[in-house]
1. Quick check on my filter: what residues within region 73-90 are touching a residue at least 40 places away in the same chain (Cβ under 8 Å) and either over 18 Å from Asn18 (Cα atoms) or touching a His at 6+ places or on another chain (Cβ under 8 Å) (or both)?
2. Suppose we filter Ser153, Ser104 for residues that are surrounded by fewer than 21 Cβ atoms within 10 Å (Cβ to Cβ) and either farther than 20 Å from Asp179 by Cα or free of Cβ contacts under 8 Å to residues at least 12 places away in the same chain (or both); which single one remains?
3. For region 236-254, which positions are modelled with pLDDT under 95 and touching a Gly at 6+ places or on another chain (Cβ under 9 Å)?
4. Say we look at region 63-89 and pick out the residues that are among the polar types (S, T, N, Q) and over 15 Å from Tyr38 (Cα atoms); which of these is modelled with the lowest pLDDT?
5. Does Asp189 satisfy the condition of being outside any helix (DSSP H, G or I) and over 22 Å from Gly247 (Cα atoms)?
6. Ile41: over 12 Å from Val82 (Cβ atoms) and open to solvent by 10 Å² or more (accessible area, probe 1.4 Å), yes or no?
7. Within the set of pairs 6+ apart or on separate chains, which have a first residue in region 278-291 that is closer than 20 Å to Tyr302 by Cα and aromatic (Phe, Trp, Tyr), a second that is open to solvent by less than 70 Å² (accessible area, probe 1.4 Å) and assigned to a loop (DSSP other than H, G, I, E, B), and C-beta atoms under 6 Å apart?
8. Taking the residues in region 114-123 that are surrounded by fewer than 18 Cβ atoms within 10 Å (Cβ to Cβ) and of a type outside the set (Asp, Glu) as candidates, determine which candidate is nearest to Pro64 (Cα to Cα).
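The values are calculated or read from the model by the stated rules, or taken from the named source; none is laboratory data. Source: prediction; values computed, not measured. All Cβ positions, even for glycine, are placed from backbone atoms using ideal geometry, and neighbour counts span all protein chains on display. Surface areas here come from the heavy atoms of the whole protein model, side chains and all, with no ligands, DNA or RNA. Shrake-Rupley method; radii C 1.70, N 1.55, O 1.52, S 1.80 Å.
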Amino acid sequence: KQMTDMKTLYCAIGYVCNEHCRFCPCSEGSVNVPSLTYDEICSTIRRAIEERGVENILLSGGEPTIHPDFFRILEFIKGLNVNISMLTNALRLADEAFAERMFSIIDGPELDVTVAFHSHIPEKHDFLTQHKGSFERSMKGVANMLKHNVRLSIKNNIVNYTYKDLPEYIKWATSVFKDNVTLLLCNIDINGTAASNKGNVAVDFRDSIPYLQQALDIVIEQRKQGHKRNVKVLTTPLCLLDPYYWGFIESSTQENVTAYRVPDSELMWDVSSDSGPLFKACEKCALNRHCPGTWSSFRNNYDESMLKSIVAG
């Protein structure tokens with residue numbers, strides 16, 4: 001069963017992070033919100049499984065690996081018959097002892113992990129994370145995970161500072177990571193810290209799409225040569241891409257999360273994503289049900305007229 005088909009609990013166990021990404025959708029003050037306690041996390045997971053039949057626990061943050069009870073949380077989830085997935089910057093996993101302890105609790109193939117690399121150029125990645133040396137440490141953390149055969153996805157957030165590098169980024173990613181590593185290309189939610197740093201991070205689709213399509217051309221050529229890598233484009237409206245590339249679009253981003261818990265809220269059910277075909281042009285579009293649309297923050301930053309309804313026939 002595909003992870004995207006599973007009923008998922010999205011659980012941000014704390015907003016504290018060891019990076020300070022310029023495009024983070026969380027507000028600057030969110031780091032001051034107390035993290036969920038171990039008991040709160042366990043209670044949330046039990047309820048989500050018992051009341052909604054959740055099959056996938058997605059640990060997020062902030063940075064989940066810096067929660068003081070991270071290993072206890074993993075041990076608790078490991079004892080349940082569920083899939084475990086995690087969004088992490090992999091910095092702590094660069095520490096061999098940390099990685100070994102984590103994989104003494106859970107076997108790598110049982111774990112879905114997504115790690116973001118914001119550029120293939122270390123200095124640009126570090127500029128965006130505002131953490132000097134983060135590129136090298138994240139690379140080491142990923143290497144430690146791959147030794148244990150985790151199910152890995154590498155994510156690139158498309159931002160103003162690096163969007164022109166997308167073709168070179170894809171060349172780098174496909175040369176460094178084997179075909180069993182999924183590549184994700186994602187447009188950002190311009191909220192929180194990202195809204196405060198719009199000059200460095202916000203990019204008009206009409207500027208970024210040509211470079212995105214050039215990057216996908218490289219993937220297409222590699223597939224002709226026998227490569228079978230999974231590459232997904234997220235939060236990008238179909239109407240802005242040439243139909244030739246529609247097969248890369250991931251439509252599941254508009255689906256609801258079965259259960260949702262973050263530090264400053266109670267457990268919620270069937271929470272709609274803040275992205276989707278939410279705009280005026282989407283209402284009459286023949287592909288409304290198949291299109292991921294984009295973040296609702298799009299309407300606060302760009303002219304919706306760039307979105308065009310696609311008429312059937």
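1. Ile73, Asn83, Ser85
2. Values: Ser153 fails: either farther than 20 Å from Asp179 by Cα or free of Cβ contacts under 8 Å to residues at least 12 places away in the same chain (or both).
Just a single option satisfies the conditions, and that option is Ser104.
3. Thr253, Gln254
4. Asn81
5. Values: outside any helix (DSSP H, G or I): yes; over 22 Å from Gly247 (Cα atoms): yes.
Judged against the criteria, Asp189 is a match.
6. Working: over 12 Å from Val82 (Cβ atoms): yes; open to solvent by 10 Å² or more (accessible area, probe 1.4 Å): no.
Against the criterion (over 12 Å from Val82 (Cβ atoms) and open to solvent by 10 Å² or more (accessible area, probe 1.4 Å)), Ile41 does not qualify.
7. Listed pairs, sorted by first residue: Phe279/Leu307.
8. Restricting attention to region 114-123, the residues satisfying the condition of being surrounded by fewer than 18 Cβ atoms within 10 Å (Cβ to Cβ) are 121-123.
Filter once more, so that each one left must be of a type outside the set (Asp, Glu): 121-122.
Numbers: Ile121: 25, Pro122: 23 Å.
Going through the qualifying residues, I end up with Pro122.
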